[in-house]
Amino acid sequence: MVATKSDRTKSRDKEPLDVELTLSFRFGDEADDKITMIDNRRIPMVGSVFEKRDLLIRNFVKLMVKAGVSQPKVVRELLPAVRLLRRKQS
């Protein structure tokens, strides 16, 4: 069966798909090492993910950095690296 142009446009003209999104980061094995940044947020999926891929990646990285900075174990790992970078710049 070959899909015609009218079949493809019908599938594109459907209602937006609602997605419930939960985004959690785990920084260790303990229960306290998990941070939930987004908890069951309803997000309408409209259009193509590929149109907004740069924005999606940028926002995902920002959330990951924000979660990492709020976790004490991650900050302890990052601070020595920042000190080394400051010494090299001087």
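What follows draws every value from the coordinates through simple rules; no lab data is involved. Please read these numbers as outputs of a predicted model, since none were measured by experiment. Methodologically, a virtual Cβ is constructed for each residue, glycine included, from the backbone with ideal geometry; neighbour enumeration extends over all protein chains shown.
For every residue, the table says whether it meets (1) over 12 Å from the mean Cα position of the chain (by Cα); (2) surrounded by 11 or more Cβ atoms within 10 Å (Cβ to Cβ).
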{"site": "THR36", "(1), (2)": "no, yes"}
{"site": "ASN40", "(1), (2)": "yes, no"}
{"site": "LEU55", "(1), (2)": "no, no"}
{"site": "MET64", "(1), (2)": "no, yes"}
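With respect to the conditions (1) over 30 Å from GLU15 (Cβ atoms); (2) among the polar types (S, T, N, Q); (3) without any contact (Cβ under 8 Å) to a residue 40 or more places away in the chain, GLN71 lacks only one, and its number is (3).
Note on the range 16-34: residues that are closer than 21 Å to VAL75 by Cβ and within 14 Å of the chain's Cα centre (by Cα) total 4.
In the range 25-67, what residues are among the hydrophobic types (A, V, I, L, M, F, W, C) and assigned to a helix (DSSP H, G or I)?
The answer is ALA31, VAL49, PHE50, LEU55, LEU56, ILE57, PHE60, VAL61, LEU63, MET64, VAL65, ALA67.
Whenever a residue of the range 37-55 is over 14 Å from ASP18 (Cα atoms), its partners that are of a type in the set (Phe, Trp, Tyr), lying with C-beta atoms within less than 9 angstrom and at least six residues away or across chains, give the pairs MET37/PHE25.
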